[in-house]
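Peer 1: Here it is, the structure in full.
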Amino acid sequence: MGFNFSFEQKYSPKRLAVKLSTRGEQYVLQGHPWVFSESIQKINKDAKTGDLAIIFGRKNNKMIGIGLYDAESPIRIKMIHSNTSPITIDDTFFQNKIELAYQKRIPLLETNTNSYRLLFGENDGFPSFIADVYHKVLVVKLYSEIWLPYLKPILESLIKTAVVETVVLRLSRGLAQSKTHQFKDGDVIYGHLNNPVIQFVEHGVNFSANVIKGHKTGYFLDHRENRRQVGRLSKAKTVLDVFSYAGGFSVHALANAATEVTSVDISEQALEIARENALLNDFKGTHITLAGDAFELLEGLIQQHKTYDVVVIDPPSFAKQKSEIQLAKKKYAQLAKLGEKLTAKNGLLVLASCSSRVTAKSFFDINKQSLLSLSRDFKLEQQTLHDIDHPIGFQEGAYLKCGYYRFLD
């Protein structure tokens, strides 16, 4: 079995000599994976995307790090080696980084789970590069052309390490529209794929993902541990799963003997996937789906005096830009108050955020203040961050946070 594409490149990557501003150099020495264009003071005039950027110190002229040059991004250099020790950037270099990433995931793979994130971008030393495994299918999502000259040996290492039979290539919108390469979003570049919908297991619960047309790589793997915990806490309970997408929390709850689960999402297509995922498992509870704007539906449920033993609210990112941070915070506060009204006596409210621009401290403070403003007593049972296959290597790489709030009346 081999690749279905030729990986010939229009040019061979060059080595660039780079000098940075004092501030830019400090970031590199601290291990930060991004070098912005305004930090570059000296670089070869003919630099092209994918070239190796060798960064030299301002005073001693010794190498302090190596990155990949990206002419199309304000993050002009994306670091792959932040160290003063000499290194050769070759196939072995990338293989060693992939093996190191895989070792971090082994505790997860010792559970009844065959879906995981093998490479988490900058946090695993592969900026703008995501690699997710769904059973025997590897889905690679690229957000930059910097990786095209190195893609074949990296894929070979990923296939060997993850022991997969198929590789699907997903591309960011900008990369999909580029004319400088031969790939299309959803290309099966290794092996065969008879069905774009792949079944996989997450802590003993069955799911499926459309690896060709689904969001990101087909599914959101990051909440796996929180879904497991919510499932365990849902036995003989009624559950409301808001912004449910493909039913991650809902399916875990049903598989763990919840009596009734209501999945809420704006997308009817997503809810159909949630229903299909539920049917991949044995369950006796009732599964209800509600399509529409979450805020409006929650208000409607409150007017109907509906309450649930477990309420999970996991919205999409509300702050994709800096200008949206304050509005995002208001929405999180609003959702916490709506969730409280829908949580039954002695019930559990689970509030999550995936907005990287809203810090974990800020998010948990918003939840606390919002709930304290109401009349019910509650206790914080736990706060969680990233699962083991989404390690954090730098501050901006952290985005996921989740709080469990137990009402005492």
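Peer 1: When ranked by the protection proxy of mean other Cβ atoms within 10 Å per residue, highest first, what sequence do the peptides 360-366, 129-135, 83-89, 323-329 form? Write out the running numbers ahead of the final one.
Peer 2: Working: 360-366: 16.6, 129-135: 23.4, 83-89: 11.1, 323-329: 14.9.
In decreasing order of mean packing, 360-366, 129-135, 83-89, 323-329 become 129-135, 360-366, 323-329, 83-89.
Peer 1: Considering only Cα-Cα distances, which of the following residue pairs are longer than 31 Å: K235/K368; K136/K368; K179/K401; K216/K361; K284/K345? Please list the in-between numbers first.
Peer 2: Details: K235/K368 26 Å; K136/K368 42 Å; K179/K401 38 Å; K216/K361 27 Å; K284/K345 24 Å.
In this structure, K136/K368; K179/K401 exceed 31 Å between Cα atoms.
Peer 1: Could you tell me how far the Cα centroid of the range 351-373 sits from the Cα centroid of the range 94-109, in Å?
Peer 2: The range 94-109 and the range 351-373 have Cα centres spaced 32 Å from each other.
Peer 1: Moving to a separate point now. Output wanted: per-residue J couplings in Hz (rounded whole) for the range 181-193, from phi through Karplus 6.51 cos²θ - 1.76 cosθ + 1.60, θ = phi - 60°, x for Gly and Pro.
Peer 2: Result, ordered by residue: 9, 9, 7, 10, 4, x, 5, 8, 9, 8, x, 10, 9 Hz.
Peer 1: How many percent of DSSP beta bridges within the range 80-190 run antiparallel, rounded to 5?
Peer 2: Roughly 70 percent of the DSSP beta bridges within the range 80-190 come out antiparallel.
Peer 1: What are the extents of the Cα atoms of the range 268-333 along their three principal axes, listed from largest to smallest and rounded to whole Å?
Peer 2: 45, 28, 20
Peer 1: Indicate, rounded to the nearest 5 percent, the antiparallel portion of the DSSP beta bridges found entirely in the chain.
Peer 2: 60 percent
Peer 1: Kindly provide the GluC sites (Glu not before Pro) of the range 1-53 that DSSP labels as loop, not H, G, I, E or B, and whose Cβ sees at most 16 other Cβ atoms within 10 Å.
Peer 2: Sparse-neighbourhood loop GluC sites (Glu not before Pro): E8.
Peer 1: For the range 210-267, what mean projected area does the convex hull of the alpha carbons give, in nm²?
Peer 2: 3.9 nm²
Peer 1: Less than 13 Å apart at the alpha-carbon level, and either on another chain or at least 8 residues along: which aspartates and glutamates does that give for K320?
Peer 2: E396
Peer 1: Another question, if that's okay. How big is the C-alpha Rg of the range 10-78 next to the rule-of-thumb value 2.2 N^0.38 Å, as a ratio?
Peer 2: Taking N as the residue count of the range 10-78, the ratio is 1.00.
Peer 1: Another question, then. Would you work out which of Y405, Q382, S73 lies farthest towards the positive end of the dipole of the chain? Charges go on Cβ: Lys and Arg +1, Asp and Glu -1.
Peer 2: Of Y405, Q382, S73, it is S73.
Peer 1: Compute the projected area of the convex hull of the Cα atoms of the range 92-152, averaged over all viewing directions, and report it in nm² to one decimal place.
Peer 2: Computing the convex hull of the Cα atoms and averaging its projections yields 4.3 nm².
Peer 1: Give me the one-decimal Kirkwood hydrodynamic radius in Å for the chain, with the sum taken over alpha-carbon pairs. Numbers along the way, then the final one.
Peer 2: Values: mean 1/r = 0.0438 Å⁻¹.
Mean inverse Cα-Cα distance, inverted, gives 22.8 Å.
Peer 1: Find the relative contact order for the chain and round it to a whole percent, using C-alpha pairs within less than 8 Å whose residues are 6+ positions apart.
Peer 2: 11 percent
Peer 1: Check which residues have an amide H placed less than 5 Å from D51's amide H, if you skip close sequence neighbours.
Peer 2: K14, Y69
Peer 1: Name the residues whose placed amide hydrogens come within less than 5 Å of the amide hydrogen of A344, ignoring near sequence neighbours (fewer than 5 apart) on the same chain.
Peer 2: The list, which skips near neighbours in sequence, is Y308, D309.
Peer 1: Convert each backbone phi in the range 22-31 into a coupling constant with the Karplus relation 6.51 cos²θ - 1.76 cosθ + 1.60 (shift: θ = phi - 60°), then list the ³J(HN,Hα) values in order as whole Hz, x for Gly and Pro.
Peer 2: Values, residue by residue: 4, 5, x, 5, 4, 4, 5, 5, 7, x Hz.
Peer 1: Assign unit charges at the C-beta atoms only (+1 for Lys and Arg, -1 for Asp and Glu), then state the dipole size of the range 136-257 relative to its Cα centre in Debye, rounded to the nearest 20.
Peer 2: Here the size comes out at about 200 debye.
Peer 1: Could you name the aspartates and glutamates whose alpha carbon sits less than 16 Å from that of K331, not counting residues in the same chain fewer than 8 places away?
Peer 2: Straight-distance partners of K331: D293, E296, E299, D314, E340, D365.
Peer 1: Short version: ³J(HN,Hα) in whole Hz for each residue of the range 234-246, in order, from phi by Karplus 6.51 cos²θ - 1.76 cosθ + 1.60 (θ = phi - 60°), x for Gly and Pro, what are they?
Peer 2: 9, 4, 6, 10, 9, 10, 10, 10, 9, 6, 6, 6, 8
Peer 1: Under 25 °C and 0.890 mPa s, how fast does the range 154-196 diffuse according to Stokes-Einstein, given a Kirkwood radius computed over C-alpha pairs? Answer in µm²/s, whole number. Please report the intermediate quantities before stating the final value.
Peer 2: Numbers: Rh = 11.5 Å.
Roughly 213 µm²/s, to the nearest whole number.
Peer 1: Name the lysines eligible as straight-distance cross-link partners of K19: C-alpha to C-alpha under 20 Å, and not fewer than 8 places from it in the same chain.
Peer 2: K42, K45, K48, K59, K62, K78
Laboratory data are not the source of any read-out in this text; all were calculated from the coordinates shown. Here the structure is a predicted model, which is why all the values come from computation and not from measurement. Note that we place each Cβ from the backbone using ideal geometry, even for glycine, and neighbour counts take in every protein chain shown.
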